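One structure is given here, and the rest of the page talks about it.
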Amino acid sequence: MTTFASAVQLTNDILAEAPNADPLLMNDIRVKQENSPIQLAYRASIQAPHSEDAVKQIIGRDGCYFKMTTHQFKLFFVWHSRSTNHFHLWGNNIDNLNGAVEVINRRINIYAS
């Protein structure tokens, strides 16, 4: 788990892990963090399965499961890094982030078995 104390630090980390992130999305994340009553943000990383088919099912068509998890747990961003084969999650509530990690781990257990 990584902790970020500023929107700039968070944004730089996301861009390092997700260099193709939409600039409008990055601006939205920056504004959300700057306006959040909790100024900290957190990142968790999970080793993704080696099977590309399993990764695709965990992410969902057009990212639908990542989008659902992002909204359900009020996260900033969820990303799969192909270069490191890790799922990265960013949010400002540690309990929500841990809940999202549990959901993704359950999906990994279902599809990577």
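The values are calculated or read from the model by the stated rules, or taken from the named source; none is laboratory data. Values in this document were obtained by computation on a predicted structure and should not be read as measured data. Note that each Cβ is placed from the backbone with ideal geometry, even for glycine, and that neighbours are counted across all protein chains shown.
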Mind counting the residues in the range 70-83 that are over 11 Å from the mean Cα position of the chain (by Cα) and in contact (Cβ under 8 Å) with a residue 24 or more places away in the chain? 1
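Return the only residue of 63, 91 being under 17 Å from residue 26 (Cβ atoms) and either of a type in the set (S, T, N, Q) or touching a residue at least 40 places away in the same chain (Cβ under 8 Å) (or both). Spell out the reasoning first.
Numbers: 63 fails: either of a type in the set (S, T, N, Q) or touching a residue at least 40 places away in the same chain (Cβ under 8 Å) (or both).
The conditions single out 91.
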Expected single match for over 14 Å from the mean Cα position of the chain (by Cα), outside any strand (DSSP E or B) and without any contact (Cβ under 8 Å) to a residue 60 or more places away in the chain among 34, 102 is 34
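Is it fair to say residue 70 is under 28 Å from residue 112 (Cβ atoms), β-branched (Val, Ile, Thr) and surrounded by fewer than 16 Cβ atoms within 10 Å (Cβ to Cβ)? So that I can check it myself, show each step before the final result.
Working: under 28 Å from residue 112 (Cβ atoms): yes; β-branched (Val, Ile, Thr): yes; surrounded by fewer than 16 Cβ atoms within 10 Å (Cβ to Cβ): no.
Answer is no for this residue.
What about residue 56, is it out of contact with any helix residue (DSSP H, G or I) (no Cβ under 8 Å at 6 or more places or on another chain), more than 19 Å from residue 2 (Cα to Cα), part of a helix (DSSP H, G or I) and charged (D, E, K, R)? Quick ask: steps written out before the conclusion?
Details: out of contact with any helix residue (DSSP H, G or I) (no Cβ under 8 Å at 6 or more places or on another chain): yes; more than 19 Å from residue 2 (Cα to Cα): yes; part of a helix (DSSP H, G or I): yes; charged (D, E, K, R): yes.
Spelling it out, residue 56 is indeed out of contact with any helix residue (DSSP H, G or I) (no Cβ under 8 Å at 6 or more places or on another chain), more than 19 Å from residue 2 (Cα to Cα), part of a helix (DSSP H, G or I) and charged (D, E, K, R).
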Please verify whether residue 25 is exposed (fewer than 14 other Cβ atoms within 10 Å of the Cβ), touching a residue at least 40 places away in the same chain (Cβ under 8 Å) and outside any strand (DSSP E or B), treating the condition exactly as stated. yes
Checking the conditions here, which among 97, 15 is within 30 Å of residue 113 (Cβ to Cβ) and either within 14 Å of the chain's Cα centre (by Cα) or part of a loop (DSSP other than H, G, I, E, B) (or both)? 97
The conditions are (1) buried (at least 17 other Cβ atoms within 10 Å of the Cβ); (2) at pLDDT below 95, and residue 20 fails exactly one of them. Which is it? (1)
Within the range 37-53, is even one residue in a strand (DSSP E or B), at pLDDT 95 or above and surrounded by fewer than 20 Cβ atoms within 10 Å (Cβ to Cβ)? yes
